[in-house]
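Novice: Handing you a structure now.
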Amino acid sequence: MKAFGSVAPPAYLSEKSSTTTTPAATMPLADGIRDRHGPPLLYASAAAVPSVAVAVAGEQLCGVRILIVDDCILYRDTLINALAAHGVLIAGVASDVHSVVAAVQSNTVEMILLNLSTRHSRALLRAAMQANPQVRVVVLGVSDDDESEVIACAEAGVVGYHTRTESIESLLMLMAKVAAGEALCSPRVSAILLRRLSMLAQNYQPATNELVLTAREAQILEMLRLGLSNRDIATQLCIAVHTVKNHVHSVLTKLGVSTRAEAAALSRSLRYGLSDS
């Protein structure tokens with residue numbers, strides 16, 4: 001695993017280590033015990049057998065280059081251990097703007113796991129997205145009752161939200177979805193994002209020189225920017241999945257891009273108007 005800046009990899013991952021220790025991730029933790037720095041500590045029992053879905057998620061993440069951004073070494077190393085127990089390896093770690101930008105610009109990072117309890121986490125998020133708008137960011141330790149935090153993350157380009165009450169298994173499922181170009185979020189986070197979308201639609205006043213989209217296409221584009229999957233969009237808009245796919249295809253064609261990620265990245269700097277159709 002590569003360390004960016006002054007952050008060193010955990011000792012237990014060093015090839016030079018001559019002693020064998022039991023990884024912290026195999027040690028059970030009593031219910032309710034939390035790391036005060038951030039989300040609950042992510043421990044996995046050595047006797048626990050992952051479900052088929054979790055095992056598949058771990059396999060889907062093999063080869064995905066993941067960067068952990070966290071300035072708490074205890075939590076960061078515990079998370080690395082917990083992910084490793086499911087076969088997911090971390091490409092590097094970072095804890096400040098310089099190391100985050102260096103990692104993202106090195107083209108060795110496809111996904112970022114950012115602990116929101118890290119100092120200056122929003123600045124770190126902005127720096128990462130400015131360095132590479134295509135990088136997929138999952139935030140950890142989200143308070144799903146903090147609307148301003150969720151909206152700030154969405155507007156910065158976050159595509160995955162892992163709340164303080166969710167498990168390591170749910171994180172693996174989320175990461176696999178994000179790696180596949182989709183996303184998952186809790187019902188409360190989804191509700192916050194949709195309220196924000198509704199407010200933007202009501203207050204929007206198009207200019208004459210903007211790209212013209214239908215009202216439905218504008219909704220679809222905003223949901224792509226928020227990281228929702230076709231199935232999530234279909235559920236929220238009460239339409240069929242194949243109808244969503246048709247709208248997505250139309251949006252991509254009008255934007256002149258070929259992927260959902262490109263459309264989401266472009267939408268952050270794009271102004272668009274609504275047609276009458």
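Computed from the coordinates by the stated procedures, all read-outs in this text should not be read as laboratory data. This one's a predicted model, so the numbers in the text were calculated from it and none came from an experiment.
Novice: Rg (Å, one decimal) plus Dmax (Å, integer) for the alpha carbons of region 127-189?
Specialist: Taking only Cα atoms of region 127-189, I get Rg and Dmax of 11.4, 31 Å.
Novice: Continuing with this model, one more query. Measure out, as a whole number of angstrom, how far apart the alpha-carbon centroids of region 67-113 and region 149-194 sit.
Specialist: 18 Å
Novice: Relative to the compact-globule scaling 2.2 N^0.38 Å, provide the ratio for the alpha-carbon radius of gyration of region 59-211.
Specialist: Taking N as the residue count of region 59-211, the ratio is 1.06.
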